[in-house]
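Here is the structure we will look at, set down as structure tokens.
We did not get these values from a lab; they are worked out from the coordinates using the rules stated. Owing to the predicted nature of the structure, the values given are computational and were not obtained by experimental measurement. Cβ sites come from the backbone with ideal geometry, for glycine too, and all protein chains shown count toward neighbours.
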Amino acid sequence: MRLSGATAARVIAGTWLMACLAAMATATFAQTTGRQNPPLTIQSVAGRDIFEFYCAPCHGRDGRGAGPVVPALKTAPPDLTLIARRHGGAFPRAWVEAFVTHDGAATTPAHGSEDMPVWGPVFRGLDPSDTRAAIRIANVVKYVEALQIK
Ligand code: HEC
């Protein structure tokens with residue numbers, strides 16, 4: 001059986017969400033039992049760590065769009081190092097944050113596909129404290145800003 005691009009992308013997105021749910025369960029398990037499990041999630045709130053763990057599989061470690069799962073996506077991830085250039089030279093921080101979290105009313109014209117997972121709720125799910133989730137999101141967005149080619 002051959003999966004269509006769209007189906008494969010949904011499978012990938014589903015797999016990612018399942019991995020995130022498993023990570024949440026693992027985190028809770030570790031908290032309640034004190035037992036160490038292999039890391040399915042990261043505790044670090046550093047932008048680089050978050051990017052490499054949650055974003056690089058699609059966007060590539062350098063953000064240029066050549067992550068290992070790209071062949072299975074129906075939309076190729078755009079080059080994240082050129083966001084500022086594509087926006088007249090200024091990094092649109094609020095827009096990027098809205099794109100990444102896609103929370104509630106925040107919609108983005110470019111977010112036409114289902115390939116880009118919605119991370120806001122995932123980060124909140126991993127961290128009971130919303131403050132920590134907000135820090136993680138802000139940090140990963142700052143990291144993307146630091147990747148910009150002038
Ligand atoms: C499953 C693959 C995948 C993962 C994981 C992923 N992205 Fe994406 N991302 C995409 C795709 C595909 C697009 C293009 C989607 C579209 O245009 O609708 C995209 C678009 C974007 C854009 C918009 C860029 C532009 O100029 O249009 C930003 C910003 C972005 N991603 C940041 C992130 C960050 C930060 C993370 C990690 C928290 C992340 N992405 C994780 C696949 C992914």
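Things worth noting here:
- Of the trypsin sites (Lys or Arg not before Pro) found in segment 44-89, those that fall in a DSSP loop while having at most 16 other beta-carbon atoms within 10 Å are R61, R64, K74.
- Using the Cβ-Cβ distance between I135 and F53 with R0 = 25 Å, the FRET efficiency computed as 1/(1 + (r/R0)^6) comes to roughly 0.95.
- Along principal axes, Cα extents of segment 36-86, largest first, whole Å: 42, 26, 12
- Full extension of the chain between A146 and A66 yields a length gain of 27.0 nm, computed as 0.36 nm times the residue separation minus the alpha carbon distance.
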